[in-house]
Number of protein chains: 2
Amino acid sequence: MGQTATRTLRADAERSVRVILEAAERVLAEDPGASMEQIAAAAGVARTTIHRRFANRQALIETLASSAARQLAQAVEDGRPDTAPPLVAMHRITANVLEVKSAWAFALELPADPDSEAARLHQGIARRCIAVLERARADKLIDEAADLDWVRRVYYALLRESLQDNAAAADPDTLAARIIDTLLHGAGPRA
Amino acid sequence: MGQTATRTLRADAERSVRVILEAAERVLAEDPGASMEQIAAAAGVARTTIHRRFANRQALIETLASSAARQLAQAVEDGRPDTAPPLVAMHRITANVLEVKSAWAFALELPADPDSEAARLHQGIARRCIAVLERARADKLIDEAADLDWVRRVYYALLRESLQDNAAAADPDTLAARIIDTLLHGAGPRA
DNA sequence: GTGAACTGCAACAGAGCTGATGCAGATATG
DNA sequence: CATATCTGCATCAGCTCTGTTGCAGTTCAC
């Protein structure tokens, strides 16, 4: 049955849910079409247990998406987007987001149903992001004529790219520095 | 049977193959897990016809990937990567690539088997790309200390992002201009 | 400690997809 | 025009996945 109504699960059940979601992220990141059986195996749980906690594949994925989106929103807030100096906020947020995104890459790339919790969270995050960019522009870090929506999209693209062949799994702060530098200055020669 | 050996298909059969590949691109772009039946329907062809031309789903997808990669390589060559002035080449290549990528988005994003034709083509394209960037660097368009592999990855990311919510389906030249501008100067204030 | 909640296991029906085959009719090619 | 090729259609077997149920054994919570 669906667990839309959260009727205070027992401690072990709650743990099961967490383990299942983590396994789902790992397995689906590698193969988005993986079966419930594979997810169950990766979670060290019987397939029926997944079906007891999630009505169907769809429900599992939606829960996964919201859960990850909530963590992402937290990562952004932790960077103090509207109190820290813009450049500091950008660095901190970027490093935080890189850590969350590397752990929940699949869940955060899911195309979200427009009126899902995940979609609302992502919209809120985008607004936060734009707000930081506006503060940066006010500080002359960004060109006055810049289209901030494009800048935000470029920023997202840089985040994604940094996590792609993350074989090096480099330090988030190093990656963040490169992202912000590229975002603000591109590849051209420095003054 | 597999058609690895191309034994001069009849004209109508060749046309069928093309129609199937185009349909596969369209359908799979929207839903990567779509069935052969759906692809056949989109192609206006019986499902059995697909199976006659392609041994299995895998073979169809590989053909799709190579075909698209070949077109992409052509698009790059058409920009005269090693004779035109670097900035001109970058613009032309970008505009060409945008057109091909918008038509074959799914096929070109496929994770290619390391020793497939598609993979070899993509490697060649990446080399070409690096070569252009080196020429741009020699012309002081790119910082001397820049990591060209990172620059190339950023370039790819910008291309991808530009095609994402291509609702506007803007003029390739306009998009290309923005990509190159962002790549070289970022979002910071202009001198 | 007692009862309720949770889990694994086994088994089930239903659905969808794949790949193959045979045949009859249409179409290109020389 | 004659033949080889191609296609649609109908049908088939086989597989995998999903979602459910019943039961027996374990674990949490009060």
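The values are calculated or read from the model by the stated rules, or taken from the named source; none is laboratory data. In this text the structure is predicted, and so the values were computed from the model without any measurement. Ideal geometry is used to build each Cβ from the backbone, glycine not excepted, and the neighbour counts take in all protein chains shown. Accessible surface is based on the protein model in full, side chains and every heavy atom, while ligands, DNA and RNA are left aside. Shrake-Rupley method; radii C 1.70, N 1.55, O 1.52, S 1.80 Å.
Annotations for the structure displayed:
- Some residue of the range B:67-79 being away from DNA strand C (no atom under 16 Å from the Cβ), of a type in the set (Asp, Glu), closer than 17 Å to residue B:130 by Cα and modelled with pLDDT of 95 or more: yes
- Total residues in the range A:83-114, condition closer than 15 Å to residue A:73 by Cβ and surrounded by fewer than 18 Cβ atoms within 10 Å (Cβ to Cβ): 2
- Some residue of the range B:115-126 being within 10 Å of chain A (Cβ to nearest Cβ), charged (D, E, K, R) and in contact with a helix residue (DSSP H, G or I) (Cβ under 7 Å, 6 or more places away or on another chain): no
- Where residue A:155 falls short, out of the listed (1) more than 14 Å from the chain's Cα centre (by Cα); (2) open to solvent by less than 70 Å² (accessible area, probe 1.4 Å): (1)
- Set B:81, B:85: member being over 20 Å from residue B:163 (Cα atoms), under 17 Å from the mean Cα position of the chain (by Cα) and assigned by TED's automatic domain parsing to the domain that holds residue B:139: B:81
- Taken over the range B:136-146, residues that are at the interface with another protein chain (Cβ under 10 Å from one of its Cβ atoms) and surrounded by fewer than 12 Cβ atoms within 10 Å (Cβ to Cβ) amount to 3.
- Residue check for residue B:97: in the same structural domain as residue B:166 (by TED's automatic domain parsing), away from DNA strand C (no atom under 12 Å from the Cβ) and touching a residue at least 60 places away in the same chain (Cβ under 8 Å): yes
- One residue stands out among those in the range A:1-15 that are of a type in the set (Gly, Ala, Ser) and modelled with pLDDT of 95 or more: the one that is farthest from DNA strand D (Cβ to nearest atom), which is A:13.
- Test: residue in the range A:61-80 that is touching a residue at least 40 places away in the same chain (Cβ under 8 Å), touching a Cys at 6+ places or on another chain (Cβ under 9 Å) and over 24 Å from residue B:32 (Cβ atoms): yes
- When residues of the range B:174-191 are limited to those that are surrounded by fewer than 19 Cβ atoms within 10 Å (Cβ to Cβ) and more than 10 Å from chain A (Cβ to nearest Cβ), the one nearest to residue A:143 (Cα to Cα): B:177
- Within the range A:58-70, being within 14 Å of chain B (Cβ to nearest Cβ) and either surrounded by 15 or more Cβ atoms within 10 Å (Cβ to Cβ) or more than 9 Å from DNA strand D (Cβ to nearest atom) (or both) holds for one residue alone: A:61.
- Pairs, first modelled with pLDDT of 95 or more in the range A:111-124, second part of a loop (DSSP other than H, G, I, E, B), C-beta under 8 Å, six or more apart: A:118/A:110; A:118/A:112; A:119/A:112; A:119/A:113; A:122/A:112
- Residues that are of a type outside the set (A, V, I, L, M), farther than 16 Å from residue A:92 by Cα and under 16 Å from the mean Cα position of the chain (by Cα), drawn from the range A:158-180: A:160, A:161, A:164, A:166
- Exactly one residue out of B:171, B:165, B:149 is within 12 Å of chain A (Cβ to nearest Cβ), surrounded by fewer than 18 Cβ atoms within 10 Å (Cβ to Cβ), out of contact with any His (no Cβ under 9 Å at 6 or more places or on another chain) and farther than 30 Å from residue B:58 by Cα: that is B:149.
- From the options A:9, A:21, residue that is more than 9 Å from DNA strand C (Cβ to nearest atom), of a type outside the set (D, E, K, R) and either under 15 Å from residue A:109 (Cα atoms) or not assigned by TED's automatic domain parsing to the domain that holds residue A:136 (or both): A:21
- Which listed residue is on the phi > 0 side of the Ramachandran plot and either in contact with a Leu (Cβ under 8 Å, 6 or more places away or on another chain) or of a type in the set (Lys, Arg) (or both), from B:70, B:52, B:57, B:80: B:80
- For the range A:16-57, a residue qualifies if it is more than 8 Å from DNA strand D (Cβ to nearest atom) and open to solvent by 50 Å² or more (accessible area, probe 1.4 Å), and the qualifying residues are A:18, A:22, A:26, A:29, A:30, A:31, A:32, A:33, A:41, A:44, A:46, A:53.
- Subset of the range A:56-94 [over 16 Å from residue A:116 (Cα atoms) and basic (Lys, Arg)]: A:80, A:92
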